[in-house]
1. Would you point out which residue out of Tyr162, Tyr158 is closer than 30 Å to Asn337 by Cβ, hydroxyl-bearing (Ser, Thr, Tyr) and open to solvent by less than 90 Å² (accessible area, probe 1.4 Å)?
2. Within the range 431-451, is even one residue of a type outside the set (Gly, Ala, Ser) and farther than 25 Å from Glu477 by Cα?
3. Among the residues of the range 123-132, is there at least one that is open to solvent by 80 Å² or more (accessible area, probe 1.4 Å), modelled with pLDDT under 90 and out of contact with any Cys (no Cβ under 6 Å at 6 or more places or on another chain)?
4. In the range 76-88, which residues are in contact with a strand residue (DSSP E or B) (Cβ under 8 Å, 6 or more places away or on another chain) and of a type outside the set (Phe, Trp, Tyr)?
5. Please pick out the residue among Ser316, Ser295, Ser353 that is assigned to a loop (DSSP other than H, G, I, E, B) and not hydrophobic (A, V, I, L, M, F, W, C).
6. Scan the range 471-514 residue by residue and report those that are assigned to a helix (DSSP H, G or I) and more than 42 Å from the chain's Cα centre (by Cα).
7. Please work out which residue is surrounded by the fewest Cβ atoms within 10 Å (Cβ to Cβ), limiting yourself to the range 408-427 and to residues that are assigned to a loop (DSSP other than H, G, I, E, B) and among the hydrophobic types (A, V, I, L, M, F, W, C).
8. Any residue at all in the range 184-192 that's among the hydroxyl-bearing types (Ser, Thr, Tyr), under 21 Å from His313 (Cβ atoms) and in contact (Cβ under 8 Å) with a residue 60 or more places away in the chain?
Amino acid sequence: MLCRLSISNYALINELTVDFYDGFTAITGETGAGKSIFLDALSFVLGDRADTGVLFNKEKKCVVEATFRLDDERLKAFFEENDFDFDNECVLRRELTPQKKTRAFINDTPATVQQLKTLGMNLVDIHSQHDSLLITDDSFQLSLIDEAAENTDILEKYKADYKHFTSLKKELDDMKERAVKDAAENDFLSFQLEEFQKAKLLDGEYDDVSQRLELLRNSEEIRELMLSSVDVMEQSESSIINKLKDLKNLFDRLKRFVPEAEQFAERVEAARIDLKDIARDVENLSDLSQFDDSSLDELQNRFDLIQNLMMKHHVSNYAELLNVREDIAHRVLFFSNIDENIEVKEKEIAEISSKLGEQAEKLHKRRAAAAKTFAEAVTATVRNLSMPYAVFTVECEKTDAFSSTGADKVRFLFSANKGIDPNVMSKVASGGELSRLMLAVKHTAAVRSYIPTMIFDEIDTGVSGVVASKLGSMMREMGEHLQIVSITHLPQIASKATNHFFVFKNNDGKQTFSSMKILDKQERITELAKMLSNDKVTESALKAAADLLQTNQ
């Protein structure tokens, strides 16, 4: 339920914090005092579109914060899926800057507007007189009957199976489409695969062939360089090894006079030995690098084969070529097993279709039973709203195909007049009748409603005092199961509320602003008296208001 609403710099509201309570709450006030501003601000924090025109002070940001109490863990999955902290208290906050930028938060964690909206739809149901057309929506009608039938668990299982069913059907359709397409090109694919199989491509082969080919192409130059390096190190008269030998002899003579020269001589001798080993290794390597025409031809042919395959399949590297080979092999294998694969898929679909049929039948029976009880309850309720001959029925017909909600089509039918058969509501119900019918439907559904807070925005427009009194009684009854808030201009409704808020305008000499306060008993009597006598508070009006409040509390 909604516990608190804090509004800062929104429309005519500078700063306002309002605490809300269980049960039935009425909100009243003069026309233009700002009752709709409260609702707009709440809608804003629940994810509705932002408008910079609502800024009270154009230089400051607007902040709206709503605190809710979560009495069960039904929404815990939403918090876990979206990485929000879950607690019994949930705080939604939304900000709007003068630069038209908005930020949203759920329990102080940044959130998207869509996340805010999704959560908000599960916390508050806002119903205005313009929303009565919702009752003519097929999906809304079906959802009400599913709530009445307590189908939540069964429907969730059905939806999971239906999702699998549609996925399998898509796979089958794709498979058949590919079968038709691949049949035309399978011969060509088989030819390409045979070409790859003859090539016997190996992982990493291309780089190895390229390196070896480069070596053989330059073998003469490589050998010449190696022999020259051996000559420099060892074989020429002025070779480095000979020079090192002479240098060692010099240090051997010097060590008689300078003892440190013995270390120098040893180090030079070690270098001479290392260099001699290097010269021997290079000379051996040069012998292995002889120019070999047969090896060169063989490698060149292999290299050309790979290059031609890469050009033929329009790839730029060897890894992509191997991927092409695997893809062609997979497609050829798929086609060779296509009939068997289609048969397996069709069998899977038949099995899950049978399962869906059983679940859909179970849903249908529960819906049909709930529809009858629901229709009787709504009829009794709507007849109590000055429509004594009203008849409300619910049709629950089986359909030929599965849908995401089963295999049923639900239709609400209504007649307000005696002797007129019930028909589709959009054809036989006036706007006022739809509004009262919607309230009757929500009154009937309130016991099972999963949305903890329901707000009615002046749905009593145009009704008589007698009907208004009955509407108020219904809202009070609904308040025993849900948190009900009604923005109203009728004393017959306001007097039945457990809590009564008053919206008013004030000014500080410079600006006009809206505010809201909860009324105590005497203030309620005064406000009801004003509503009864068009703002003229007389003794008789006060007495009538006191009697009205006393009667309805």
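1. Values: Tyr158 fails: closer than 30 Å to Asn337 by Cβ.
Exactly one residue qualifies, and that residue is Tyr162.
2. No: the range 431-451 contains no residue that is of a type outside the set (Gly, Ala, Ser) and farther than 25 Å from Glu477 by Cα.
3. yes
4. Asn82, Asp83, Asp85, Asn88
5. Numbers: Ser295 fails: assigned to a loop (DSSP other than H, G, I, E, B); Ser353 fails: assigned to a loop (DSSP other than H, G, I, E, B).
Just a single option satisfies the conditions, and that option is Ser316.
6. Pro491, Gln492 - these are the residues of the range 471-514 that are assigned to a helix (DSSP H, G or I) and more than 42 Å from the chain's Cα centre (by Cα).
7. The residue in question is Ile420.
8. Looking for residues that are among the hydroxyl-bearing types (Ser, Thr, Tyr), under 21 Å from His313 (Cβ atoms) and in contact (Cβ under 8 Å) with a residue 60 or more places away in the chain, one finds at least one in the range 184-192, hence yes.
The values are calculated or read from the model by the stated rules, or taken from the named source; none is laboratory data. If you're wondering where the values come from, they're calculated on a predicted model, not measured in any experiment. In this analysis, Cβ positions are derived from the backbone assuming ideal geometry, glycine residues included, and neighbour counts consider all displayed protein chains. Just the protein is used for accessible areas: all its heavy atoms, side chains included, with ligands, DNA and RNA removed. Shrake-Rupley method; radii C 1.70, N 1.55, O 1.52, S 1.80 Å.
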